[in-house]
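Below is one structure, written out as structure tokens; comments come after it.
The values are calculated or read from the model by the stated rules, or taken from the named source; none is laboratory data. These numbers come from a predicted model, not from an experiment. Virtual Cβ from ideal backbone geometry, glycine too; neighbours counted across all protein chains shown. These accessible areas exclude ligands, DNA and RNA; they are computed on the full protein's heavy atoms, side chains included. Shrake-Rupley method; radii C 1.70, N 1.55, O 1.52, S 1.80 Å.
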Amino acid sequence: MPINSTFTFNSNFNFNFKFIHRSSPSSLSLNNFSISSSPSRFLLRFCTTRLSSALSHAPPLPPPVKVLREKMDLIGIVCDEHCIPGKYYCLFCPKCKGGRLMERSLSLHVIPTGDFAMWRCFRFECGWAGRIFADGRLAFNGFSKTEKMVGRSSKESLVLEPLCDELISYFSMRMISQETLERNVVMQVVGRQVAIAFTYRQNGQLVGCKYRTMDKRFWQEKGTAKFLYGIDDINDADELIIVEGEMDKLSVEEAGFLNCISVPGGAPSKVSTDTIPPIEKDSAYQYLWGCKDYLDKVSRIILATDSDVPGQALAEELARRLGKHRCWRVDWPYKDGFNRFKDANEVLVHLGPDALKNAIQDAKFYQLSISISIQKEEGLFQEH
């Protein structure tokens, strides 16, 4: 039977409680609890908060979630028994304390598997965002407005913030989920211009940043290291996938592959007829030599570059340097009688993640793939 109670402390504060009796005598559900103050016009709402006099009666949490709770407690995020995978919660931000109005401005989400949690403070003056993992992976934990890039002074820190709704919608139209964006710490530039910031990281540290507008204008942060995008995802990989752009790396992840990296720049217009220059003079491919330790231990490399002529040239240049004996080539599906889909994201958008996964799994040994492609192109040319 519901019980309604009202308590008045003074003329300025009015507390309204509505208790609903549960079958268990040790647990009560508290709904629509509000504190209002007329002088300061201050309003604080708590919705559907569980009270329990015996925490031992609560269902046991999965082991990863217990680890997440312990780690979050260390940085001031108090979630108590609310760390239920797949849910979103509004908590007090330990950095800004909710500001003058004491808002519950920190949005916390534990992914359904319980492997990691991510959060963001929605107060403009704060903007603290981060993620933390149940395993040994490094956490991204810092204020989202400024980040110091390795090798630069604090005065040269990048001014970044979490993605706005417009950019999240843009990625959604490209079939890229918010979870994938969070995992790869994709952010945006602070300012009037809406620009995506792809953060390049090594061992969790920011080593570079590449920007992209929605109308496909690109530029890089000055001092950005020539590095492969997503290098931390191949630390323990025995095989990897190389794509031609950051969007394609995110797309391949949507198909279930985390062992994917992207080249940081564009593709050459054609294959060079010259021999491969010494490492110190091979300037266009320094991103390979800079990651040589990562690439040397890989036994199988799947080249999933674009299907156009520059993409094919890039695949050949990569195979020449990485060793054709360990390279496989992805042939993107045909979208009509003659033309193939251009890249991983096109396949994801038009055919879905399963088709993208199948295309990657069907990669052919590089030399065989080149021979078959030439035969098919000759056949199609003769038919048309």
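Name the pairs: first residue in segment 85-109 and assigned by the TED database to the domain that holds Phe122 and within 14 Å of Met72 (Cβ to Cβ), second residue surrounded by 15 or more Cβ atoms within 10 Å (Cβ to Cβ) and among the polar types (S, T, N, Q), Cβ to Cβ under 7 Å, at least 6 apart or on different chains?
Cys93/Ser105
Go through (1) open to solvent by less than 50 Å² (accessible area, probe 1.4 Å); (2) closer than 24 Å to Glu254 by Cβ; (3) touching a Lys or Arg at 6+ places or on another chain (Cβ under 8 Å) for Gly352 and report which single condition fails.
Every condition holds for Gly352 apart from (3).
Which pairs do you get when a residue that is of a type in the set (D, E, K, R), found in segment 197-209, comes within reach of a residue that is in a strand (DSSP E or B), reach meaning Cβ atoms under 8 angstrom, with the pair 6+ apart or on two chains?
Every condition considered, the pairs that remain are Arg201/Val207.
Search segment 223-249 for residues being in contact with a Cys (Cβ under 7 Å, 6 or more places away or on another chain) and open to solvent by 10 Å² or more (accessible area, probe 1.4 Å), and hand back the single one that is modelled with the lowest pLDDT.
Thr224
Say we look at segment 110-124 and pick out the residues that are assigned to a loop (DSSP other than H, G, I, E, B) and in contact (Cβ under 8 Å) with a residue 40 or more places away in the chain; which of these is surrounded by the fewest Cβ atoms within 10 Å (Cβ to Cβ)?
Thr113
Please verify whether Ser251 is among the small types (Gly, Ala, Ser) and in contact with a Phe, Trp or Tyr (Cβ under 7 Å, 6 or more places away or on another chain), treating the condition exactly as stated.
Taking the combined requirement at face value, the residue does not satisfy it.
For Trp219, only one of the following conditions fails: (1) among the aromatic types (Phe, Trp, Tyr); (2) within 22 Å of Asp296 (Cβ to Cβ); (3) in a strand (DSSP E or B). What is its number?
(2)
For residues that are part of a helix (DSSP H, G or I) and small (Gly, Ala, Ser), scanning just segment 163-191, find the one that is farthest from Gly86 (Cα to Cα).
The qualifying residue farthest from Gly86 (Cα to Cα) is Ser169.
Looking only at segment 290-305, filter to residues that are under 24 Å from the mean Cα position of the chain (by Cα) and open to solvent by 10 Å² or more (accessible area, probe 1.4 Å); which one of those is modelled with the lowest pLDDT?
Gly290
Is there any pair with a first residue in segment 329-346 that is aliphatic (A, V, I, L, M) and a second that is open to solvent by 50 Å² or more (accessible area, probe 1.4 Å) whose Cβ atoms are under 8 Å apart and which are 6 or more apart or on different chains, and what are they?
Cβ pairs passing all conditions: Val330/Asp362.
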